[in-house]
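Worksheet for the structure shown next.
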Amino acid sequence: MIEFKDVCVSYTPEAQVLAEVNFTINNGEFVAFVGSNGAGKSTTMRLMNGLLKPNSGEVLIDGIPTTQLKTSEIAHKVGFLFQNPDRQICCKTVREELEFGFKAQGALDDEARARVDEVIEEFGFNANAEPYLLNRGTRQLLALASIIVMAPQTIILDEPTTGLDYRECCKVMEAIEKLHKSGKTIVMVCHDMEVVADFADRVIVMTYGEMVADGPTFDILRNSEILKRSDLIAPQIISISQELVARNPELAHSSIAQANSLQELTNAIEAFVVDKGGK
C-alpha cells in the first residue's frame, strides 16, 4: 500500500511542484495518473519509489515513511519503469540485464537464475541478444521484464507506451495487464486516454501540482468539466457516444450514453435500432 499524506515538494522556494497531495493506493489496484505536462505526475512517481523525498508531509510504503527506508529497501517493494528504456538498460546481453538486480543485491543464486530463465521463456527473449540492438518495443519489454523478475508488489510505469507503435504498445500493455491480474499493484502515468480507458480501474487527475479528481476510470473520463480543466481529451468511444447523445437527446438515458468500449457501443446501437423498429 502507498499513502501520500499532505505531501509538498518544492525544487526552489518560489516553485512548488506538489501542494498538499493526499491519496492511498491499495494493493492490487491499477491506478492511472493523468494531467497536462508539468502537473506533477512524474514527481509523484519518483516520490513513490524513493528517488525523491517530500519537503513536508509523508509518503508511506506499507505504513513506513520513505524517509526511514533505504532506496534499496523500497526497490524490493516498488519497481520503476522509466519512460525511455535506454535509461534503464545497462548490460551487454539480455540474460545479464535480467540478472543485474540480483547481482546488485548479492542474491544471484540458483533460485534467481531459475527465475531469470522463466522470464526469458515467458517473454520469448534471446538470452544472448545485445539489448541495444533490439527494437524499441522489445527494449521496453526487456526493461519491464528486469523489474518483473525481481517480483516487487508494486510496479510504477512512467509513460510506458511513449514512442511505441500500435503492435509494440499492445505487447507492453498485455504484459502489464497480466501482472495486474496476478495481483500486482500497477501505478501508471499515461497521456494516452485510450490506454487509460482500456486498462486502468481508477484515475487520479493532477493539474499544477494539485489533485483535482480521483475516482473510477469512466466517472473521470466522462466528466467534461474535469477534462477541460486538465487539458485532457476523452477517449474516442466516449466522444462518439456523447456526440450521438448531443445530436439525439432521447439517447441520454440509453445504454449508448454509457458505452465505454466499441463492443458496448455497437451492442447498444443495435439494441436501440431493434427497439425503435419494433415500435
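The values are calculated or read from the model by the stated rules, or taken from the named source; none is laboratory data. Remember, it's a predicted structure, so these values are computed and weren't measured experimentally. FYI the Cβ positions are ideal-geometry reconstructions off the backbone, even for glycines, and counts take in every protein chain you see.
In table form, for the structure just shown:
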read-out: Val187 being in a strand (DSSP E or B) and surrounded by 14 or more Cβ atoms within 10 Å (Cβ to Cβ); value: yes
read-out: Qualifying residue in segment 170-179 (condition: outside any helix (DSSP H, G or I), at pLDDT 90 or above and either in contact with a helix residue (DSSP H, G or I) (Cβ under 8 Å, 6 or more places away or on another chain) or assigned by TED's automatic domain parsing to the domain that holds Thr43 (or both)); value: no
read-out: Elements of type helices (runs of 4 or more DSSP H) contained in segment 4-113, each with 1 or more residues being under 26 Å from His191 (Cα atoms) and among the hydrophobic types (A, V, I, L, M, F, W, C); value: 41-48, 71-77
read-out: Which numbered condition Glu99 fails, given (1) touching a residue at least 24 places away in the same chain (Cβ under 8 Å); (2) more than 21 Å from the chain's Cα centre (by Cα); value: (1)
read-out: Among the residues listed as Ser56, Ser36, Ser42, the single one being in contact (Cβ under 8 Å) with a residue 40 or more places away in the chain, crowded, with 16+ Cβ neighbours inside 10 Å and hydroxyl-bearing (Ser, Thr, Tyr); value: Ser42
read-out: Any hit, segment 110-131, residues being among the polar types (S, T, N, Q) and either in contact (Cβ under 8 Å) with a residue 60 or more places away in the chain or within 27 Å of Ile61 (Cβ to Cβ) (or both); value: no
read-out: Where a residue in segment 144-163 is closer than 20 Å to Asp62 by Cβ and its partner, wherever it lies, is of a type in the set (D, E, K, R) and surrounded by fewer than 20 Cβ atoms within 10 Å (Cβ to Cβ), with Cβ under 8 Å and at least six apart; value: Ala151/Arg115; Pro152/Lys77; Gln153/Lys77; Thr154/Lys77
read-out: Among residues of segment 59-81, those that are touching a helix residue (DSSP H, G or I) at 6+ places or on another chain (Cβ under 9 Å), buried (at least 17 other Cβ atoms within 10 Å of the Cβ) and either of a type outside the set (Ser, Thr, Tyr) or not assigned by TED's automatic domain parsing to the domain that holds Asn22 (or both), counted; value: 10
read-out: Qualifying positions in segment 230-241 - surrounded by fewer than 18 Cβ atoms within 10 Å (Cβ to Cβ) and either of a type in the set (Asp, Glu) or touching a residue at least 24 places away in the same chain (Cβ under 8 Å) (or both); value: Asp231, Ile233, Gln236, Ile240
read-out: Top-ranked residue in segment 191-226 [being in contact with a Pro (Cβ under 7 Å, 6 or more places away or on another chain) and farther than 14 Å from Asn26 by Cα; ranked as surrounded by the fewest Cβ atoms within 10 Å (Cβ to Cβ)]; value: Glu194
read-out: Among residues of segment 141-185, those that are within 14 Å of the chain's Cα centre (by Cα) and among the acidic types (Asp, Glu), counted; value: 4
read-out: Enumeration of residues in segment 169-194 that are in contact (Cβ under 8 Å) with a residue 40 or more places away in the chain and aliphatic (A, V, I, L, M); value: Ala175, Ile186, Val187, Met188, Val189, Met193
read-out: Some residue of segment 109-130 being in the same structural domain as Glu194 (by TED's automatic domain parsing), in contact with a Ser or Thr (Cβ under 6 Å, 6 or more places away or on another chain) and surrounded by fewer than 18 Cβ atoms within 10 Å (Cβ to Cβ); value: yes
read-out: Residues of segment 1-52 classified as over 27 Å from Asp219 (Cα atoms) and among the aromatic types (Phe, Trp, Tyr), total; value: 1
read-out: Condition check for Leu141: within 22 Å of Thr24 (Cα to Cα), in the same structural domain as Gly50 (by TED's automatic domain parsing) and either in contact (Cβ under 8 Å) with a residue 24 or more places away in the chain or part of a helix (DSSP H, G or I) (or both); value: no
